[in-house]
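Notes follow the structure.
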Amino acid sequence: PGVMLGSAAQRLMRHYAVKPGNRAAVMAANPDGYRVALDLLEAGVDVALLADPRPGGSGGELADDLRAKGVRIVQGQFEEARGKSHVAAVKIVGEWVSCDLAVVSVGYAPMWQLPCHAGAKLSYDEDTAQFSLTLPDAAIGAAGGVTGLFSANAVTASAQSAAQTALARLGKDNREITPVLDDEAALANFELPINAHPRGKDFIDRDEDLQVKDLQNAVKEGYSELELVKRFSTVGMGPSQGRHSALATARTVAKATNRKVAEVGVTTARPPFAPETLGVLSGHHHPAERRSALHQEHIRLGADMRPVGAWRRPYFYGPKADAKRLIEEEVHAVRNGVGVLDVSTLGGLEVRGPDAGEFLNRIYTMAYKKQPVGRCRYCLMTNEMGTVIDDGVAYRLAEDLYYVTATTGAVARVYSDMLFW
């Protein structure tokens, strides 16, 4: 606790009016990092020190503003942090600086997940240490940070350009589209060295609790390709799907395999891109229906069709208001005369093979191995707890062939259990 990204600190302050700490140390390798320090001061946080890891790095006017407010700026990076339940100090260039807030702002990675799902390609620029997107076709547009633009003016201009491009595709705007340039784009990222901590933990994927050494071990085991490193170590498989760890993972694997980040690439993020409510994923309110060959005839005779498993079977015939009387009449007719029942919805399973009888002995509670051909025998099936789950009849049609019935609602489970065993 107490260690966070610069964007997280700004969100707490700007969106929720929350003061993220009392005394902060900031590591900044781009103009936004300096702006974070200024925002912290505005929120009443004492900024003890700003460390810029870039050789000869300069914050320009932003650095001058910080110095004017009494903030010390040094060249270097966070080397170590200490504290038990909360950060208490960070080590910078051999100096321990007491703080309860350590803020890091050294670069960005575009939100490439959705464009890549649509077919966009991701490449890496070694000079600017940034990923960039190549869109698959003119049907997809992008603007802002996802295209490698970071200053407010450039982001606004890119949004206007994307809108103009979309209008041009619709034949609404034929003006020439001017490419958007960003003076801060080359300063946005810094390829911070990633090294294994000599004593403590150095998490590279906080979702999966993975450290630098875990990725290095994966490479030592022979998994040099990033997709294989991912599957061996589970990096990028957590809730963030690699949003926080993709760039650091690519750099670590590139260093371990003596390759460039552009050659290593990144892994494919799996959808959904953001959490989904269960309601979005829900299907129809009613399951699919199965109907017998006599279904329409039952309807013609006025049957009240009721669900039995996935099937619809007649409950009684006639108006619902007279259900009790009609059911009693049917019972009386069958007891004193004859009734016809459509049992075509019952399950019919064919069990064939030299061990068919032995198989049924193990599936059902009765004995079928010595059952005479041409005879039928009751079937009773229980689960592992001894609870009755289905019954039916087994007809032995030949030495190696049985025809077994199952109830309408349970035949799918019986069939599945037979396949399992």
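Quick note: the coordinates plus some simple rules give every number you see, no bench work behind them. Only a predicted model underlies this, so the values are computations on that prediction, with no experimental measurement involved. Reconstructed Cβ throughout: ideal geometry from the backbone, glycine too, with neighbour counts over all protein chains shown.
When each of TYR34, TYR415, TYR402, TYR223 is scored by the number of other beta-carbon atoms lying within 10 Å, the sequence from fewest to most is TYR415, TYR223, TYR402, TYR34. Over the residues of the chain, the helix contribution to mean residue ellipticity at 222 nm works out to -8500 deg cm²/dmol, using -39500 (n - 2.57) for each DSSP H run of at least 4. A Gaussian network model of the chain, with springs between Cα atoms under 10 Å, assigns the largest mean-square fluctuation among ALA17, ALA51, ALA406 to ALA406. Neighbour counts of C-beta atoms inside 10 Å place CYS379, CYS99 in the sequence CYS379, CYS99, starting with the fewest. With the gyration tensor restricted to C-alpha atoms of the chain, the semi-axes of the equivalent ellipsoid amount to 69, 29, 23 Å, longest first. Think of the chain as a dipole: +1 on every Lys or Arg Cβ, -1 on every Asp or Glu Cβ, centred on the Cα centre; then among ASN153, ALA166, PRO239, PRO239 lies furthest on the positive end. Here the alpha carbons of the stretch 3-105 define both size measures, Rg and Dmax, at 12.4, 37 Å. Would you mind checking the tilt of helix 152-169 against the longest principal axis of the Cα atoms of the chain, expressed as 0 to 90 degrees and rounded to 10? Helix 152-169 sits at roughly 50 degrees to that axis.
Debye sum, Cα scatterers, the stretch 203-272, no solvent: what log₁₀ I/I(0) at q = 0.13, 0.24 1/Å? For the requested q values the scattering log ratios are -0.28, -1.01. With 0.36 nm allotted per residue and the present C-alpha distance subtracted, the ASP173-CYS376 stretch has 65.1 nm of extension available. Of the options VAL264, PRO193, PRO287, report the single residue whose Cα projects farthest towards the positive end of the charge dipole of the stretch 182-333 (beta-carbon charges: Lys, Arg +1; Asp, Glu -1). It is PRO287. Per the Kirkwood formula applied to alpha carbons, the stretch 347-420 shows a radius of gyration over Rh ratio, Rg over Rh, of 0.93. Of LYS201/LYS260; LYS84/LYS230; LYS91/LYS260; LYS220/LYS255; LYS69/LYS91; LYS230/LYS255, which pairs sit farther than 20 Å apart, going by alpha carbon to alpha carbon? Over 20 Å Cα-Cα: LYS201/LYS260; LYS84/LYS230; LYS91/LYS260; LYS69/LYS91. Subtracting the Cα-Cα distance of ILE327 and THR268 from 0.36 nm times their residue separation leaves 15.1 nm of extension gain.
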